[in-house]
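Input: a single structure, listed below in structure tokens.
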Amino acid sequence: PSIEGQSTATRNLNKILRLLEDDKVGIIGVWGMGGIGKTTLVKNLNNELVKTAVSSSKLSFSVVVWVTVPKPPTDIRKVQAQIVDSEESVERIASRIHQRLKEEKSFLLILDDVWQAINLDHVGVPQPEDPARSKVILTSRFVDVCRQMKTDTEMKVLTFDEDESWQMFVKNAGDIANLEHIQPVAKEIAKECNGLPLAITVIGASMRGKKRVELWKDALGSLRMSEPHNTDVKDNVYKVIKWSFDSLESQDIELSSERRSKHVNKRGGDIQSCFLYCS
């Protein structure tokens, strides 16, 4: 998804661009809790690089490689397979990757969703160093993982402020959130999302079409009582998604039985996808 019009995300993006232009920085760690928008941020980075490469030689890379890192325990071969398709040994593939990237004038490697430190030498990635101006960006929930991978700098992704959170909430919930009798409760619900884009999107979409203020009040009360049971998931994002998943059927009392079934199946699938995202 695009971050156009999102001031906080744009500030985050501009900060990464400045780090990419810094000759003293080779490996950049981008970190923050699940649902804060790390993956969206680096995806938008690639689009921005296409636009800025013409005006800034420091942002012009011969090749950009994207790797979605498998969950632990990390299989080096699965990481390598996203760079080079080969049935050779891990060591042989590492040698091929190293040679291939060394041949490039400069490369940008993006390692997304790193849960535990990866040895770049084992993958075959050359250490970014002048004069090649190559860079490595990794995203992780954990600043310690970034430091274990010897990042030159770590950037914490900022959450949305209250105004921006409300704008995104209304975008997902619809204009009904601005109705006089609903808006005060809707704003409290938006605050419970604590500036997390994923949480705002999920909870806003779950409230879309709800016309009775009682449903909004029930939603707020249930949301505030939701507690996380998985310590690996941050409270803020877990509670809104758990509430959204649990409350889909109970709050859709205005729908007919047939429509409710279809609605729950469709939206429930979306929420389950978000649970996987946060797991």
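Fully extending the segment from Gln99 to Glu180 would add 22.8 nm, taking 0.36 nm per residue of separation and subtracting the current Cα-Cα distance. Charges on Cβ only, +1 for Lys and Arg, -1 for Asp and Glu, centred on the Cα centroid of the stretch 7-156; of Pro128, Phe61, Leu49, which one is farthest towards the dipole's positive end? Comparing the listed Cα positions along the dipole, Leu49 ranks first. Among the listed pairs Lys15/Lys156; Lys24/Lys71; Lys105/Lys150; Lys15/Lys171; Lys171/Lys210; Lys187/Lys211, which are separated by more than 19 Å between their Cα atoms? Those over the limit are Lys24/Lys71; Lys105/Lys150; Lys15/Lys171. Taking a point 7 Å out from the Cα of Asp22 in the direction of its Cβ, the residues of the stretch 152-174 whose backbone N falls within less than 15 Å of it are 152-157.
All of the numbers you see were taken from the coordinates with simple rules; none came from a lab. Worth saying up front: this structure is predicted, and the values here are computed from it rather than measured. In this analysis, Cβ positions are derived from the backbone assuming ideal geometry, glycine residues included, and neighbour counts consider all displayed protein chains.
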